[in-house]
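The structure under discussion appears below in the form of structure tokens.
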Amino acid sequence: MKTDPTRKIWDVIVVGTGIGGGTIGRRLAERGLSVLFVEKGPYGFSSERQYLDTEMQDPEARLLRGYWPKPVVATIDGRRSTFFGAIGAGVGGTSAFYAATLERPERHDLEHSPTRPHPTGGWPVNYNDFLPYFSEAERLFAVCGEPDPLSRDPDPQLRSPPPIRTDDDSMMESFRRNKLNPYHVHMGIRAVPGCLNCFGHKCPKRCKMDGRTAGIEPALATGNAELLDRCSVVAVHGDERHVSYIEAQLDGRIVNLRAHNYVLAAGGLGSPRLLLSSRSDVWPSGFGNRNDLVGRNLMFHLTEMIAIWPAKGSKSTGPTKTLALRDFYYVDGARFGALQAMGVDASYGMIVHYLNGVFDRSVLRGLRPLRGLTRVVGYAAARIFGKAKIFAGIVEDLSYPHNRVTIDPEDPEKLSFEYTVPTELNQRRRSYRKIVRRRLKGHRTAFLSLEPALNVAHCCGTLRFGDDPETSVLDRNCRVHGVDNLYVTDSSFMPTSLGINPSLTIAANALRVGDIIADAAKGGAR
């Protein structure tokens, strides 16, 4: 008979089941520790195939489908807006809907050098220390693709990617004629027969590797892990140096869950929100918030949506998720990022969805009847763009203390943040657009974004790790400074946002921290 998880003292409780939570939980369970996963959303069905709908309003309907139930409240450049972000709330978290892009960062993302100075002086853990964990994460997530031609490091041992299509091959050759260096993007997929290319939505064929398929399910299969879904963590309780228990709401009742160690992996907005709302006489500003740094240094990526038309004479066989380039990653001393195919064509539905998001963050958002005009614009744009492929250019964000997660005392579950677009980021964005236009000369291109577009799914940095407690929340082991049993393994730990999707780095760090916790537990330390 299974033990009541609320009555057991676990080796580790993991809050959140995305890539950070799923990966560390699997590592700990496979190393013989007892693990309890706590997830706000439902376990769901593996056969689902659905997009993360940002238009649905009903909280219960959203939660049932694995979406975060409540809208995000954002104050961007002084303008307050409310929208449903691309944030998951079910087993697998947001990764259940992600595009499965799992790329390694570049060495300069983590390290300082005279030729490529790092804005923070470098991460507390260097690139070489992360290397074995990058490789291990690529193995666990079944990453396939081709080596980046511009990389100076040894080629990763990637699985062979699916064959490239004729029109993608044509576009790759046209990029090369521009003296660019395209390659097959690195993706966490097992191309099973009948693969549906589930990029950006749930996969029913056990093909896409995410926090659930690569983390939670293998962990549960060990017999050392259990899952509490539909369980919402309310607060973290403890003294100055130790977490005693976490308070959660399960089936309409309050329960206290206990473990020797606790791991927060509720996301770049969710984990700091939980700590900020965990206030007590010992922690009046929120648990672990000694120096008012919890929730600060919020970063995103700016996403530049670019329509690129195939070469003349080539036939389009549908959207591509194949191509990636790093020619714009670091140019003339400026930090930008990768350019990747999004896996969508410039269709009517995609354009309207994008324009609705822009409208919801604009000064016109209060005039809801005008929102219907996005359909007219979308129809016209789809006719104009025709067979264009949509690429996403990443522009790296940097950390500023005034950009931060906030909480509403009357509704602590609400995700909210304040963000001012830095002047230097706007300048880099303009430079990036000029460089892309220049290097893609000869291709018909069009930028779809007029204003800076924050990628909310890539939020990070809000519980940054570092060696100095005066400037960081976590130590180099991703343990809260001064607290002996509280760790963080989601995107919150990152001191810079990288020039690439953060997923592989989150998974690699989760494996690293998992080994630290397991080594200490096996050595007798609790």
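The values are calculated or read from the model by the stated rules, or taken from the named source; none is laboratory data. Predicted model only: the values in this text are computed from it and were never measured. For neighbour counting, all protein chains shown are included, and Cβ atoms are generated from backbone atoms with ideal geometry for every residue, glycine included.
Some points to look at:
Residues are listed down the side, and each one gets a yes or a no for (1) in contact with a Cys (Cβ under 8 Å, 6 or more places away or on another chain); (2) not small (Gly, Ala, Ser):
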residue: Cys144; (1), (2): no, yes
residue: Ser151; (1), (2): no, no
residue: Leu158; (1), (2): yes, yes
residue: Asp167; (1), (2): no, yes
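- Any strands (runs of 3 or more DSSP E) falling wholly within region 364-430 and containing at least 1 residues that are under 21 Å from the mean Cα position of the chain (by Cα), at pLDDT 90 or above and closer than 30 Å to Glu247 by Cα: 404-406, 416-419
- Criterion: out of contact with any Lys or Arg (no Cβ under 8 Å at 6 or more places or on another chain), closer than 28 Å to Tyr127 by Cβ and crowded, with 16+ Cβ neighbours inside 10 Å - qualifying residue of Asp155, Asp210: Asp210
Condition check ((1) surrounded by 14 or more Cβ atoms within 10 Å (Cβ to Cβ); (2) closer than 16 Å to Ile390 by Cβ; (3) in contact with a His (Cβ under 6 Å, 6 or more places away or on another chain); (4) of a type in the set (S, T, N, Q)) across all residues:
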site: Lys434; (1), (2), (3), (4): no, no, no, no
site: Leu440; (1), (2), (3), (4): yes, yes, no, no
site: Thr445; (1), (2), (3), (4): yes, yes, no, yes
site: Pro452; (1), (2), (3), (4): yes, no, no, no
site: Val456; (1), (2), (3), (4): yes, no, no, no
site: Cys460; (1), (2), (3), (4): yes, no, no, no
site: Arg464; (1), (2), (3), (4): yes, no, no, no
site: Asp468; (1), (2), (3), (4): no, no, no, no
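- Restricted to region 74-193, the set of helices (runs of 4 or more DSSP H) holding at least 1 residues that are of a type in the set (Ser, Thr, Tyr) comprises 127-140, 166-177.
Quick grid of which residues meet (1) modelled with pLDDT of 95 or more; (2) under 22 Å from His458 (Cβ atoms); (3) not acidic (Asp, Glu):
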site	(1), (2), (3)
Glu30	yes, no, no
Leu33	yes, no, yes
Leu52	no, yes, yes
Leu63	no, no, yes
Asp77	no, yes, no
Thr82	no, yes, yes
Ile87	no, yes, yes
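- Asp475 meets the stated requirement of being within 30 Å of Leu33 (Cα to Cα), of a type outside the set (Val, Ile, Thr) and more than 20 Å from the chain's Cα centre (by Cα).
- Boolean, Ile246 is surrounded by fewer than 21 Cβ atoms within 10 Å (Cβ to Cβ), among the hydrophobic types (A, V, I, L, M, F, W, C) and at pLDDT 95 or above: no
- Flag if Ile517 is touching a strand residue (DSSP E or B) at 6+ places or on another chain (Cβ under 8 Å), more than 14 Å from Ser271 (Cβ to Cβ) and not in a loop (DSSP other than H, G, I, E, B): yes
- Test: residue in region 162-172 that is at pLDDT 95 or above, closer than 24 Å to Met209 by Cβ and among the acidic types (Asp, Glu): no
- Selection within region 418-446 - among the aromatic types (Phe, Trp, Tyr) and either over 27 Å from Val72 (Cα atoms) or free of Cβ contacts under 8 Å to residues at least 60 places away in the same chain (or both): Tyr432
- Failed item in (1) in a helix (DSSP H, G or I); (2) among the aromatic types (Phe, Trp, Tyr); (3) in contact with a helix residue (DSSP H, G or I) (Cβ under 8 Å, 6 or more places away or on another chain), with Tyr487 passing the rest: (1)
- Qualifying residue in region 127-137 (condition: more than 19 Å from Gly337 (Cβ to Cβ) and of a type in the set (A, V, I, L, M)): yes
- Selection status of Arg159, at pLDDT below 95 and of a type in the set (Lys, Arg): yes
- Of the criteria (1) in contact with a helix residue (DSSP H, G or I) (Cβ under 9 Å, 6 or more places away or on another chain); (2) among the aliphatic types (A, V, I, L, M); (3) surrounded by 14 or more Cβ atoms within 10 Å (Cβ to Cβ), which one Met172 fails: (1)
- Top-ranked residue in region 4-53 [being part of a loop (DSSP other than H, G, I, E, B) and β-branched (Val, Ile, Thr); ranked as farthest from Tyr487 (Cα to Cα)]: Thr6
- The residues on offer are His184, His108, His118, and the sole one that is of a type outside the set (Ser, Thr, Tyr), touching a Cys at 6+ places or on another chain (Cβ under 9 Å) and touching a residue at least 40 places away in the same chain (Cβ under 8 Å) is His184.
- Considered as a group, the residues in region 91-145 that are out of contact with any Pro (no Cβ under 7 Å at 6 or more places or on another chain) and among the hydroxyl-bearing types (Ser, Thr, Tyr) include one that is surrounded by the fewest Cβ atoms within 10 Å (Cβ to Cβ), and that residue is Thr115.
- A count restricted to region 454-482 and to residues that are part of a strand (DSSP E or B) and more than 25 Å from Ser416 (Cα to Cα) stands at 0.
- Output for region 37-54, where each listed residue is in contact with a Phe, Trp or Tyr (Cβ under 9 Å, 6 or more places away or on another chain) and either more than 20 Å from Ala248 (Cα to Cα) or surrounded by fewer than 24 Cβ atoms within 10 Å (Cβ to Cβ) (or both): Gln50, Tyr51, Leu52, Asp53, Thr54
- Within the span defined as region 272-280, one or more residues are over 30 Å from Arg438 (Cβ atoms), of a type in the set (Gly, Ala, Ser), touching an Asp or Glu at 6+ places or on another chain (Cβ under 9 Å) and buried (at least 23 other Cβ atoms within 10 Å of the Cβ).
- Conditions (1) over 30 Å from Phe328 (Cα atoms); (2) out of contact with any Gly (no Cβ under 7 Å at 6 or more places or on another chain); (3) hydroxyl-bearing (Ser, Thr, Tyr): number failed by Tyr67: (2)
- All conditions but one from (1) of a type outside the set (Ser, Thr, Tyr); (2) modelled with pLDDT under 95; (3) under 24 Å from Ile506 (Cβ atoms) apply to Asp251; the one that does not is (3).
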